[in-house]
Every structure is written in C-alpha cells, then in structure tokens.
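Here's the structure, in structure tokens; my notes come after.
The values are calculated or read from the model by the stated rules, or taken from the named source; none is laboratory data. Note that this is a predicted model, so its numbers are computed, not measured. Here Cβ is always computed from backbone atoms with ideal geometry, including for glycine, and neighbour counts include all displayed protein chains. Ligands, DNA and RNA are stripped out before the accessible areas are found, and what is left, the full protein with its side chains, is counted by its heavy atoms. Shrake-Rupley method; radii C 1.70, N 1.55, O 1.52, S 1.80 Å.
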Number of protein chains: 2
Amino acid sequence: MSEYRGTEAVRVLHWGLGAMGGAMVRLVSRRSLLVSVGAIDSDPGKVGRDLGEVVGLSARTGVSVLSDPERALLHARPDVTLIATGSFVPEVWPQIRQAVEAGSNVICIAEEMAYPWAGHPDLAERMDELARAHGVTVLGTGINPGFVLDTLIVALTGVCQEVESIRAARINDLSPFGPTVMRTQGVGTTPEEFARGLETGTIVGHVGFPESMLLIARALGWDLDEVEENREPIISQTERETPHVKMRPGQVAGCRHTAVAKVGGRVVIELEHPQQIHPHLEGVETGDYIEIRGVPNISLAIKPEIPGGIGTVAIAVNMIEPVVRSGPGLKTMADMPVPRCLVKELAPV
Amino acid sequence: MSEYRGTEAVRVLHWGLGAMGGAMVRLVSRRSLLVSVGAIDSDPGKVGRDLGEVVGLSARTGVSVLSDPERALLHARPDVTLIATGSFVPEVWPQIRQAVEAGSNVICIAEEMAYPWAGHPDLAERMDELARAHGVTVLGTGINPGFVLDTLIVALTGVCQEVESIRAARINDLSPFGPTVMRTQGVGTTPEEFARGLETGTIVGHVGFPESMLLIARALGWDLDEVEENREPIISQTERETPHVKMRPGQVAGCRHTAVAKVGGRVVIELEHPQQIHPHLEGVETGDYIEIRGVPNISLAIKPEIPGGIGTVAIAVNMIEPVVRSGPGLKTMADMPVPRCLVKELAPV
C-alpha cells in the first residue's frame with residue numbers, strides 16, 4: 001500500500017466491513033481529502049479480495065482485505081482507524097488498543113464507546129492513558145448514541161440560561177434492518193418470548209442510554225445519582241411484514257425502551273427510543289424530538305427521524321478530520337468541535 | 001476590585017450595559033463559576049453606580065460602572081470581556097482591540113462579529129493577528145447570527161454524507177422589542193416610507209446573513225461566488241399594536257429579509273428571516289426551520305422560535321468557559337466545541 005505514501009489525504013484503515021463498515025468505505029471513496037489505505041475483516045469470504053470489490057465500489061482500490069490486524073496496521077500506517085465491529089467496549093477494546101499502539105487515531109461506532117466511562121470506567125481510563133501515551137485521539141460516535149439523543153441536546157442547551165430538565169425521543173422504523181436487529185429488538189416474538197428474551201439477554205433493546213445520559217450530564221456539569229432503564233414489548237394491533245419477519249396482531253412489533261436519570265431523586269433526563277417495524281401502520285409518526293425545560297423552553301422536532309445507518313456512517317467519516325486535528329486522549333462528541341459535513345465539493349443535484 | 005483576586009471563578013468584564021449587556025450581568029451573577037469584576041458604559045445615568053443596582057440585581061456587587069475603558073480594564077484584569085455595544089465590526093473593533101491589548105479574551109455579540117471576514121476582511125485579519133500576539137481568543141456569537149441560521153445548521157450536516165443545498169427560516173415576533181428595533185425593521189411605516197428607509201439606510205432588516213452564510217460555507221468547505229440579499233415590507237392586513245407602535249391595515253408590520261448564496265451560479269443556501277410584530281394575527285406560526293437537501297434529507301422545526309434576547313445572552317455567557325480554554329486567535333462558533341449550558345447546578349423547578 002506504499003502507493004499512498006506522500007499524499008496529503010488522510011489515510012484511513014477500515015476495521016470491520018459489515019453494513020456500516022462497508023458503507024464507510026464507499027463514503028471515503030467519494031471524499032477527495034480521504035483515502036482508504038487498509039482493511040481488516042475476519043470473514044473468509046472477504047479476506048484477500050480487493051476492498052473496492054468487497055464493498056461494491058465500481059473500481060478496485062488496490063487495497064487487499066487482510067485478516068491479520070498487525071500486518072494490516074503495519075502496511076497501511078493509517079492516520080485514522082475506523083472500527084465498526086461491535087457494540088460493546090470489551091469487544092472493541094483489544095482492537096482500539098492495537099490500533100492506538102500502532103500510532104493510529106481511532107473512531108469507533110460501538111454504541112458503548114459514545115461514553116465508555118458509563119459502563120467500563122476502568123477500561124475508559126486505560127484507553128485514555130494509552131491514547132495520550134501514543135499522542136492519538138480515540139472517539140466514539142454514531143447517530144445514537146453520539147448525536148440525536150446527546151450531542152444535539154447538548155448543543156441546544158448552548159442557547160439556554162438555565163436547564164431544568166430534558167426529555168427526548170427517537171421514534172424510528174426498524175423495517176429496513178436485518179435479522180440481527182429483529183432478534184435483538186424482539187420483533188416477531190410473542191409477549192411471553194419477549195419477556196424471556198429480556199431475561200436471558202437475547203433481547204436488548206437500544207444500546208446507549210447510560211452513555212447518552214452521562215455524556216449530557218458531563219457536558220452540563222450535572223452529577224447524576226442514577227440511570228434507570230425500562231424495556232417493554234410494543235404489541236402489534238395489525239399484521240406487519242418485512243423481508244425478514246412477518247407478524248400477526250398480538251405479536252411483538254418491537255421494543256419500547258426508555259430511560260430516566262435523576263439528580264437528588266428528581267428526574268432530569270428522560271429518553272425514549274421505541275423501535276418497531278412499520279410504526280405508520282398504527283399511526284405512529286417517526287421523528288426525533290427534543291424538549292428542554294428551562295430558560296427558555298425549547299421544543300425541537302426532526303421529521304422523519306435522521307436515518308440511523310446513513311447518519312452513523314456520515315458522522316463517523318465526518319469526524320475523521322477533527323479527530324486528526326484534535327489533541328490526544330479519549331474524547332466524547334461533546335469535547336469535539338461542532339460536527340460538520342466537510343466535503344469541499346457540493347453534492348450533485 | 002482586588003477582592004476577586006485569587007478566586008478560581010472566571011473574571012468577567014461587561015462592556016455595554018444595555019438590554020443585552022445588563023441581562024448578561026444578571027446571568028453571570030447566577031453562575032458560581034463566573035464573577036463580574038468590572039463594567040464599562042458611557043451612559044451618565046449608569047457611570048459611578050454599583051453594577052448590581054444598574055442592572056437590577058437584588059444585591060450590590062461592589063463593582064462600579066466606569067466610563068473609562070482603560071481604567072476599567074486595568075482595575076478589573078478580566079479573563080473575558082463581554083462586548084455588547086453595537087452591531088457592526090467598525091464600531092466594536094476599537095473596543096475589542098483595547099480589551100485584547102489588556103490581555104483579555106473577548107466575546108462580542110455584534111452581529112457582524114459572527115463572521116467578521118464577511119464584511120471586513122482586513123479588520124478580521126488584524127483582529128486575528130492581535131489576538132494571537134496577545135495569546136487570547138476573540139469570538140463573535142449570538143442567537144442569530146451565531147446559532148440558529150448557521151451553527152445549528154453546520155451541526156446537523158455532521159450526520160450528512162452529502163449536502164446539496166440548505167434552506168432555513170427564522171420566523172419570529174418583534175412585539176417585545178423597543179423603538180430602535182421597530183425603526184430599523186420599518187414597523188409602522190407606509191410602504192413608501194419603507195422603500196425610502198431602505199434607500200437611506202434607516203431600515204436595515206436583519207444584520208447577519210452574509211456572516212451566517214460564510215460561516216456555513218467555511219465549515220462545509222464551499223467557495224461561495226455571491227450572496228444576494230433582498231428586503232421587502234410585510235404589509236399588514238390587520239390592525240396591530242405594541243407598546244411602541246400601532247398600525248392600520250396597509251401599513252408595514254415588519255421586514256421580510258431573505259438571502260441566497262450561490263456556488264457556480266446555483267443557489268446552495270437560502271435563508272429567510274421575516275421579522276414583524278404579532279405574526280399570529282395573520283396566521284403565521286413562529287419557529288426556526290431548517291431543511292437540508294442531501295444524503296439524508298433533514299427537516300427540523302423548533303416551535304416557537306428560540307427567543308432572541310434570552311438566547312443571545314445565554315450563548316454569550318455559555319461560551320465564556322470554552323473561550324477561556326481555547327487556543328488564541330479570532331474564532332467562529334464553528335471552530336469551538338459544541339456549545340452547552342454548563343452550570344454545575346440544575347435550575348430550580
């Protein structure tokens with residue numbers, strides 16, 4: 001991959017070539033200031049092939065997908081490694097460590113990485129120390145957590161003199177997603193299966209509420225005393241169907257996942273993220289909604305909701321340039337400059 | 001004012017104690033991390049009096065309002081000077097220069113300061129050099145320009161893979177404002193008087209469109225080829241009245257000020273800011289609206305609009321902490337971390 005040496009474009013290594021990671025490769029290929037210099041995936045169907053071919057680009061990239069991270073990092077010498085391999089800090093920590101030790105900045109879309117101190121304070125501390133020791137930045141981001149139910153809320157409080165409480169909801173449509181999402185949200189189960197799935201941990205709902213809440217709380221200087229989460233089945237009144245699931249009335253269309261955070265026993269943040277297939281069939285309008293009670297009150301609606309997959313890929317790639325320019329350490333979106341789509345070129349009409 | 005020396009609170013000097021500047025003093029008094037250490041105003045009715053008394057605080061502050069900036073800066077030794085004296089760069093430049101030369105960071109709510117390169121590139125360059133030479137930050141901010149029609153738009157593009165064009169409107173109600181605003185927006189004039197006022201420059205509409213557009217364009221890497229502004233009278237169909245103005249049908253209720261920016265002859269940013277009294281009398285719903293065409297499309301509404309005065313005071317004070325921590329130079333809101341209301345304490349319910 002030495003052909004990329006000497007260019008001024010930011011050198012990007014892609015770790016994980018699933019739906020999100022593959023879309024990031026395609027977006028990077030459209031940005032003149034970025035260049036893909038390496039790719040890591042464990043799927044034998046992808047290893048050894050050209051990255052462009054694997055992710056469906058029209059042209060070859062000259063970059064081979066490798067299964068060996070050490071070799072890939074050594075050859076690619078990336079400025080930034082985009083990690084899109086899992087949702088949880090313990091899964092991605094070894095990958096982050098390896099990339100950082102190779103001298104690479106890291107952007108990771110694992111939901112827990114939006115605020116890794118929430119669930120894994122010890123690993124977060126080690127990550128921060130390691131990043132500082134190697135002079136690189138580690139950032140977790142994504143559409144949610146990472147933007148809609150945290151960074152955007154923080155930004156809106158910027159025009160508030162006082163904030164008393166925050167209430168926000170992300171009401172989306174799971175229909176475009178595949179079988180993994182259907183399973184983790186309990187779509188198509190019976191209410192009994194849903195209850196059992198919650199108990200056994202196969203149904204998880206949304207990953208990221210504690211992360212969003214602590215990100216907000218740190219930015220606003222609040223000391224939360226607890227975060228409580230609740231998951232309930234959304235029972236369908238209608239028949240609903242996607243390519244991956246089909247259900248009758250009485251079955252579960254998705255998971256209504258909510259969370260509250262308190263200070264001194266008073267609820268100060270309420271977040272709601274009901275995720276189901278075809279919510280419009282029962283008159284539910286999708287959107288992102290934020291209500292700030294304070295001085296002034298602010299009531300915001302984005303309708304329809306910002307699409308999750310497109311938005312996650314966008315913000316991960318859009319944060320490359322600020323991450324490269326940032327000081328070292330483990331950062332959150334609230335530590336970074338206002339995000340933006342820096343493309344130098346306009347999109348074609 | 002030496003009693004404040006040694007405290008860890010950020011030392012704030014207030015330059016200009018009009019409606020905005022006075023409200024900033026009151027907000028600073030409610031923030032435990034900030035302390036007002038000086039005040040400058042030229043109004044003989046304010047000079048020599050206690051700052052708390054002048055701005056309507058219940059307690060005296062021990063800070064006397066001075067008319068002599070040099071003396072005030074020398075005595076107060078502020079970390080940050082909040083300048084709320086005018087709308088235009090040439091008005092505030094001598095004040096900014098004096099504060100910077102005294103070693104103070106500066107936050108200024110002059111509309112043109114949101115992006116001073118727009119109207120005054122030479123002064124902006126001098127300001128940037130001076131700030132760097134003295135190791136301080138100079139930032140222009142406010143609700144608009146500064147947030148609604150620029151920073152918030154930039155932040156939303158952070159979740160876009162492509163941006164094709166931007167359209168946004170701030171539809172507000174001028175009823176709470178005083179005689180100066182009524183005059184500069186042409187409220188209560190006849191259509192003929194309005195046309196004449198535009199010609200002679202007494203009616204100006206909104207100050208800040210070129211600033212908002214260039215702030216967006218710089219953040220997104222666009223090279224605008226022109227910004228065109230247009231001002232039209234909003235002719236009232238109804239009787240409307242505020243404490244400062246009263247009008248009959250056929251008279252002017254306000255100014256519909258719009259602007260477009262082009263790249264390669266194509267309109268890429270359209271901003272609209274119709275300002276009138278009592279818009280609800282003719283069924284106009286106030287709000288802040290942003291439409292991004294791109295991947296994805298984003299459609300945002302904040303209803304009612306974020307109130308201008310409260311929001312400007314809030315964001316000026318909320319930016320104190322990030323400005324103190326920022327590297328030196330002339331900055332825009334897009335260069336700064338995501339804004340937030342950092343209060344350490346919750347507002348009372």
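I'm trying to understand the selection: among the residues of segment A:148-157, which are under 12 Å from A:Pro296 (Cβ atoms) and facing chain B (nearest Cβ under 7 Å)?
Once the filter is applied, which keeps residues that are under 12 Å from A:Pro296 (Cβ atoms) and facing chain B (nearest Cβ under 7 Å), segment A:148-157 yields only A:Thr157.
It is to be established whether one or more residues within segment B:265-280 are part of a strand (DSSP E or B), open to solvent by less than 30 Å² (accessible area, probe 1.4 Å) and within 14 Å of chain A (Cβ to nearest Cβ).
Scanning segment B:265-280, I find at least one residue that is part of a strand (DSSP E or B), open to solvent by less than 30 Å² (accessible area, probe 1.4 Å) and within 14 Å of chain A (Cβ to nearest Cβ), so the answer is yes.
What is the number of the single condition among (1) under 16 Å from B:Gly188 (Cβ atoms); (2) among the polar types (S, T, N, Q); (3) surrounded by 19 or more Cβ atoms within 10 Å (Cβ to Cβ) that B:Thr238 does not meet?
(3)
Can you confirm whether B:Ala124 is within 14 Å of chain A (Cβ to nearest Cβ) and farther than 20 Å from B:Pro322 by Cα?
For B:Ala124, the condition - within 14 Å of chain A (Cβ to nearest Cβ) and farther than 20 Å from B:Pro322 by Cα - is not met.
Matching residues to (1) more than 30 Å from A:Val263 (Cα to Cα); (2) of a type in the set (A, V, I, L, M); (3) under 21 Å from the mean Cα position of the chain (by Cα):
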{"site": "A:Gly186", "(1), (2), (3)": "yes, no, yes"}
{"site": "A:Thr189", "(1), (2), (3)": "yes, no, no"}
{"site": "A:Leu198", "(1), (2), (3)": "no, yes, no"}
{"site": "A:Gly205", "(1), (2), (3)": "no, no, yes"}
{"site": "A:Glu211", "(1), (2), (3)": "no, no, yes"}
{"site": "A:Leu220", "(1), (2), (3)": "no, yes, no"}
{"site": "A:Glu226", "(1), (2), (3)": "no, no, no"}
{"site": "A:Pro233", "(1), (2), (3)": "no, no, no"}
{"site": "A:Arg240", "(1), (2), (3)": "yes, no, no"}
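Quick check on segment B:32-53. Is at least one of its residues modelled with pLDDT under 95 and open to solvent by 60 Å² or more (accessible area, probe 1.4 Å)?
Yes: segment B:32-53 contains one or more residues that are modelled with pLDDT under 95 and open to solvent by 60 Å² or more (accessible area, probe 1.4 Å).
Within segment B:78-186, which helices (runs of 4 or more DSSP H) (wholly inside it) include 3 or more residues that are open to solvent by less than 10 Å² (accessible area, probe 1.4 Å) and modelled with pLDDT under 95?
Result: empty, no element qualifies.
Would you be able to tell me the number of residues in segment A:55-70 that are open to solvent by 30 Å² or more (accessible area, probe 1.4 Å) and farther than 10 Å from A:Ile40 by Cα?
Final tally of qualifying residues: 7.
Can you say whether B:Val245 is in contact (Cβ under 8 Å) with a residue 40 or more places away in the chain, among the hydrophobic types (A, V, I, L, M, F, W, C) and open to solvent by 10 Å² or more (accessible area, probe 1.4 Å), as far as the supplied structure shows?
The answer is yes for B:Val245.
So, in segment B:195-209, exactly how many residues are in a helix (DSSP H, G or I) and surrounded by fewer than 24 Cβ atoms within 10 Å (Cβ to Cβ)?
Total meeting the criteria: 6.
For segment B:292-304, give me each residue that is surrounded by 18 or more Cβ atoms within 10 Å (Cβ to Cβ) and more than 7 Å from chain A (Cβ to nearest Cβ).
B:Ile292, B:Arg293
May I ask you to verify whether B:Leu73 is of a type in the set (A, V, I, L, M) and either closer than 24 Å to B:Gly309 by Cβ or surrounded by fewer than 22 Cβ atoms within 10 Å (Cβ to Cβ) (or both)?
no
Looking at segment B:238-264 only, could you name the residues that are more than 16 Å from B:Glu192 (Cβ to Cβ), assigned to a loop (DSSP other than H, G, I, E, B) and in contact with a strand residue (DSSP E or B) (Cβ under 9 Å, 6 or more places away or on another chain)?
Of everything in segment B:238-264, those that are more than 16 Å from B:Glu192 (Cβ to Cβ), assigned to a loop (DSSP other than H, G, I, E, B) and in contact with a strand residue (DSSP E or B) (Cβ under 9 Å, 6 or more places away or on another chain) turn out to be B:Thr238, B:Glu239.
Is it fair to say B:Ile320 is touching a strand residue (DSSP E or B) at 6+ places or on another chain (Cβ under 6 Å) and crowded, with 20+ Cβ neighbours inside 10 Å?
Answer is yes for this residue.
Could you count how many residues in segment B:316-349 are over 19 Å from A:Met333 (Cβ atoms), at the interface with chain A (Cβ under 7 Å from one of its Cβ atoms) and modelled with pLDDT of 95 or more?
Selection size over segment B:316-349: 0.
Are there any pairs, at least 6 apart or on different chains, whose C-beta atoms fall under 7 Å, with the first in segment A:264-288 and of a type outside the set (D, E, K, R) and the second open to solvent by 60 Å² or more (accessible area, probe 1.4 Å) and at pLDDT below 95, and if so, which?
If the second residue must be open to solvent by 60 Å² or more (accessible area, probe 1.4 Å) and at pLDDT below 95, the pairs left are A:Gly264/A:Asp225.
Looking at segment B:57-73, I want the residues that are touching a residue at least 40 places away in the same chain (Cβ under 8 Å) and have a partner that is of a type in the set (Ser, Thr, Tyr) and in a loop (DSSP other than H, G, I, E, B) with Cβ atoms under 7 Å, at least 6 apart or on another chain. Which pairs are those?
B:Leu73/B:Ser104
Restricting segment B:305-315 to residues that are surrounded by fewer than 24 Cβ atoms within 10 Å (Cβ to Cβ) and more than 15 Å from B:Leu149 (Cα to Cα), which is farthest from the other protein chains (Cβ to nearest Cβ)?
The residue in question is B:Gly309.
Taking B:Met213, is it open to solvent by less than 70 Å² (accessible area, probe 1.4 Å), closer than 30 Å to B:Pro296 by Cα and either touching a Pro at 6+ places or on another chain (Cβ under 6 Å) or in a helix (DSSP H, G or I) (or both)?
Yes; evaluated as a whole, the condition is true for this residue.
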